[in-house]
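Structure first, commentary second.
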Amino acid sequence: MTHYSMYINGEWVGKDYETKAVINPANQKEVGTVPNGGKDDTTRAIDAAHKAFQSWSRTTAYERADYLEKFYHLILDHEEDLAKTMTIEMGKPINESRGEVNYAASFIKWFAEEGKRIYGETIPAHVDGKRLQVWKKPVGVVASITPWNFPAAMLTRKMGPALAAGCTIVIKPSSDSPITAIKLMELCEKAGFPKGVVNLVTGPSSEIGDTVMSDKRVRKVTFTGSTEVGKTLIRQSADDVKNLSLELGGHAPLIVLDDANVGVAVKGVMASKFRNAGQTCICANRVYVQSGIYDKFVEKFSEAVTKLKVGDGLNEEVDIGPLINKAGLEKVQHHVDNAVNSGASVVVGGKTREEGEGVFYEPTVLKDVDPNMVIMNEETFGPVAPVQKIETDAEAVKLANDTEYGLAAYVFTENVARGMQLIEQLEYGIVGWNDGGPSAAQVPFGGFKESGIGREGGHEGIEAFIESQYVSIGMN
Ligand code: SIN
């Protein structure tokens with residue numbers, strides 16, 4: 001059993017600490033242990049990041065890009081080890097884990113390049129003898145709090161732009177999947193980032209979170225996780241007006257109109273719904289299908305779902321791994337039970353899967369669902385697709401927007417004008433049109449309403465780590 005350490009100021013810390021076990025959800029066995037770090041470790045990490053910021057922020061974008069490029073290549077060189085680590089600590093099927101390693105690396109590559117394009121501005125003056133300029137500055141020390149469902153990509157989507165902009169960083173990975181993040185720190189060390197530029201602390205979220213939120217030297221917090229925790233961070237950030245980027249919950253609608261290509265729609269919903277066993281913020285959570293195509297869609301979709309193989313993600317054949325823990329499984333079962341008790345019928349699945357000690361749920365299709373069921377209103381985070389029959393485009397828009405969330409939505413139609421009119425009315429930050437997998441490093445990822453603040457990825461992803469400094473220069 002390996003005991004992993006925290007990475008603070010270029011040193012591996014916490015070998016003799018009390019530990020927390022990381023559990024493989026496929027078999028409930030211990031994968032390794034990490035230190036139970038706390039307030040003092042977090043403060044030391046902030047000290048180190050604050051000191052390192054003084055020099056890192058003065059390096060050129062080209063120097064920073066060189067470090068990031070090295071890191072990028074190291075991630076790709078270690079694809080298999082990182083992918084296996086991810087699979088055993090949080091259950092993702094190995095092929096998806098390999099995909100995530102590449103997705104994670106793509107953020108480092110994109111932002112290594114994008115850092116060279118942090119341009120300032122010269123603005124025409126309103127009087128003679130003045131030059132008006134906007135200079136761009138890194139925001140300062142950043143704290144990054146990342147979730148268990150994408151242990152590599154959600155971290156690099158934050159690290160890439162922060163480091164490229166000239167910020168230094170203190171990372172708090174999820175306690176459910178910290179080992180992938182620790183292995184990324186090993187690669188940062190190999191890439192040669194100066195001491196204190198990148199730091200990682202493991203331990204209870206409340207202690208580490210409270211410490212970064214109450215330390216004035218931390219100028220920005222970037223978080224992916226639940227809307228509930230996001231709201232707490234907003235409250236905690238008020239005292240010293242910390243800059244926040246929040247990527248929070250979702251409840252994605254997926255709309256299939258009568259004129260959709262059924263094959264394309266089924267492929268799209270399979271990709272969106274069952275990625276990571278339904279445990280992503282942008283997974284389709286509710287499927288609305290127009291009446292003329294409903295029966296055919298449910299038949300073809302259910303056929304495809306029946307073929308999905310459930311099991312330990314290390315098995316190359318597996319499509320659906322375990323859920324993260326028993327609480328996750330119970331939530332999924334509650335959503336299904338509530339729907340069935342309120343009149344929905346199970347077409348495929350509908351129950352837990354006994355596989356040793358693992359926490360598995362059968363990929364499930366429900367039909368005859370209605371808008372009042374819990375599953376049509378709360379994020380399920382599991383492999384269950386409820387399908388509701390609808391009649392009109394207006395009904396689709398009304399149902400889709402009837403939520404506090406606004407992260408991702410999906411629309412399937414072959415009619416361009418109809419698709420555009422419908423999408424224009426959707427209150428969502430991301431829309432997949434005939435596409436169940438819209439994520440990429442070069443595009444803005446983030447939500448409307450209670451799904452978050454700000455965008456990650458794309459050129460907007462780096463602006464989140466930059467302050468504009470307006471300089472008015474008198475020439476006389
Ligand atoms: C998430 O679930 O938060 C991230 C999904 C993605 O980047 O595609």
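Please treat every number below as a calculation from the coordinates, not as lab data. Just so it is clear, the model here is predicted, and its values are computed rather than measured. Ideal geometry is used to build each Cβ from the backbone, glycine not excepted, and the neighbour counts take in all protein chains shown.
Farther than 30 Å from residue 354 by Cβ, without any contact (Cβ under 8 Å) to a residue 40 or more places away in the chain and of a type in the set (D, E, K, R): is that true of residue 79 in this structure? Working first, answer last.
Values: farther than 30 Å from residue 354 by Cβ: yes; without any contact (Cβ under 8 Å) to a residue 40 or more places away in the chain: yes; of a type in the set (D, E, K, R): yes.
Against the criterion (farther than 30 Å from residue 354 by Cβ, without any contact (Cβ under 8 Å) to a residue 40 or more places away in the chain and of a type in the set (D, E, K, R)), residue 79 qualifies.
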For this session: Run residue 316 past the list (1) buried (at least 24 other Cβ atoms within 10 Å of the Cβ); (2) in contact (Cβ under 8 Å) with a residue 60 or more places away in the chain; (3) in contact with a helix residue (DSSP H, G or I) (Cβ under 7 Å, 6 or more places away or on another chain) and report the number of the one that doesn't hold.
Result: (1)
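Go over the candidates 404, 391, 379, 395 one by one and state the one that is within 21 Å of residue 448 (Cα to Cα) and touching a helix residue (DSSP H, G or I) at 6+ places or on another chain (Cβ under 7 Å). If you could, list the steps in order and put the result at the bottom.
Details: 391 fails: within 21 Å of residue 448 (Cα to Cα); 379 fails: touching a helix residue (DSSP H, G or I) at 6+ places or on another chain (Cβ under 7 Å); 395 fails: touching a helix residue (DSSP H, G or I) at 6+ places or on another chain (Cβ under 7 Å).
When all the criteria are applied, what remains is 404.
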Exercise. Which numbered condition trips up residue 150, out of (1) crowded, with 24+ Cβ neighbours inside 10 Å; (2) over 30 Å from residue 314 (Cα atoms); (3) out of contact with any Phe, Trp or Tyr (no Cβ under 6 Å at 6 or more places or on another chain)?
Worked result: (2)
Exercise. Taking interchain pairs and intrachain pairs at least six residues apart, which have beta carbon atoms under 7 angstrom, with the first residue in the stretch 134-156 and closer than 13 Å to residue 461 by Cβ and the second within 16 Å of the ligand (Cβ to nearest atom) and among the acidic types (Asp, Glu)?
Worked result: 153/100
Exercise. What number of residues within the stretch 254-286 are within 24 Å of residue 425 (Cα to Cα) and away from the ligand (no atom under 16 Å from the Cβ)?
Worked result: 12
Seminar exercise, completed: Across (1) part of a loop (DSSP other than H, G, I, E, B); (2) surrounded by fewer than 17 Cβ atoms within 10 Å (Cβ to Cβ), residue 295 clears everything bar (1)
Seminar exercise, completed: Restricted to the stretch 397-411 and to residues being surrounded by 24 or more Cβ atoms within 10 Å (Cβ to Cβ) and among the hydrophobic types (A, V, I, L, M, F, W, C), the residue farthest from residue 251 (Cα to Cα) is 411
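So which residues in the stretch 419-429 are more than 20 Å from the chain's Cα centre (by Cα), under 21 Å from residue 451 (Cα atoms) and not β-branched (Val, Ile, Thr)?
Of everything in the stretch 419-429, those that are more than 20 Å from the chain's Cα centre (by Cα), under 21 Å from residue 451 (Cα atoms) and not β-branched (Val, Ile, Thr) turn out to be 422, 424, 425, 426.
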Exercise. If you check 392, 364, 403, which single one turns out to be of a type outside the set (Phe, Trp, Tyr) and within 22 Å of residue 147 (Cβ to Cβ)?
Worked result: 403
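Can you say whether residue 8 is in contact with a helix residue (DSSP H, G or I) (Cβ under 7 Å, 6 or more places away or on another chain) and more than 24 Å from residue 100 (Cβ to Cβ), as far as the supplied structure shows?
Working: in contact with a helix residue (DSSP H, G or I) (Cβ under 7 Å, 6 or more places away or on another chain): yes; more than 24 Å from residue 100 (Cβ to Cβ): yes.
For residue 8, the condition - in contact with a helix residue (DSSP H, G or I) (Cβ under 7 Å, 6 or more places away or on another chain) and more than 24 Å from residue 100 (Cβ to Cβ) - is met.
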Exercise. Would you pick out the residues in the stretch 66-85 that are over 17 Å from residue 324 (Cβ atoms) and crowded, with 22+ Cβ neighbours inside 10 Å?
Worked result: 67, 68, 71, 72, 75, 82, 83
Problem set entry | Inter-residue pairs, beta-carbon under 9 Å, first farther than 24 Å from residue 50 by Cα and in the stretch 220-243, second in a helix (DSSP H, G or I) and among the acidic types (Asp, Glu), 6+ apart | 227/450; 230/450; 231/450
Seminar exercise, completed: All-but-one check, residue 88 against (1) surrounded by fewer than 24 Cβ atoms within 10 Å (Cβ to Cβ); (2) over 30 Å from residue 219 (Cα atoms), failing number (1)
Exercise. Considering 268, 250, which residue is buried (at least 24 other Cβ atoms within 10 Å of the Cβ) and touching a Leu at 6+ places or on another chain (Cβ under 6 Å)?
Worked result: 250
Exercise. Residue 345 versus (1) surrounded by 22 or more Cβ atoms within 10 Å (Cβ to Cβ); (2) more than 22 Å from residue 92 (Cα to Cα): which is the lone unmet condition?
Worked result: (1)
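The rows are residues; the columns are (1) surrounded by fewer than 19 Cβ atoms within 10 Å (Cβ to Cβ); (2) within 23 Å of the chain's Cα centre (by Cα); (3) not polar (S, T, N, Q).
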| position | (1), (2), (3) |
| --- | --- |
| 355 | yes, no, yes |
| 364 | no, no, no |
| 369 | no, no, yes |
| 387 | no, no, yes |
| 391 | yes, no, yes |
| 395 | yes, no, yes |
| 417 | yes, no, yes |
Exercise. Given the conditions (1) in contact with a Ser or Thr (Cβ under 7 Å, 6 or more places away or on another chain); (2) away from the ligand (no atom under 16 Å from the Cβ), and given that residue 118 satisfies all but one, which numbered condition is not satisfied?
Worked result: (1)
For this session: Report yes if residue 336 is out of contact with any Asp or Glu (no Cβ under 6 Å at 6 or more places or on another chain), at negative phi and not in a loop (DSSP other than H, G, I, E, B), otherwise no.
Result: yes
For this session: Working only within the stretch 130-169, note down all residues that are among the small types (Gly, Ala, Ser), away from the ligand (no atom under 12 Å from the Cβ) and under 21 Å from residue 444 (Cα atoms).
Result: 143, 144, 160, 162, 164, 165, 166
Exercise. Can we say residue 461 is on the phi > 0 side of the Ramachandran plot and in contact (Cβ under 8 Å) with a residue 12 or more places away in the chain?
Worked result: no
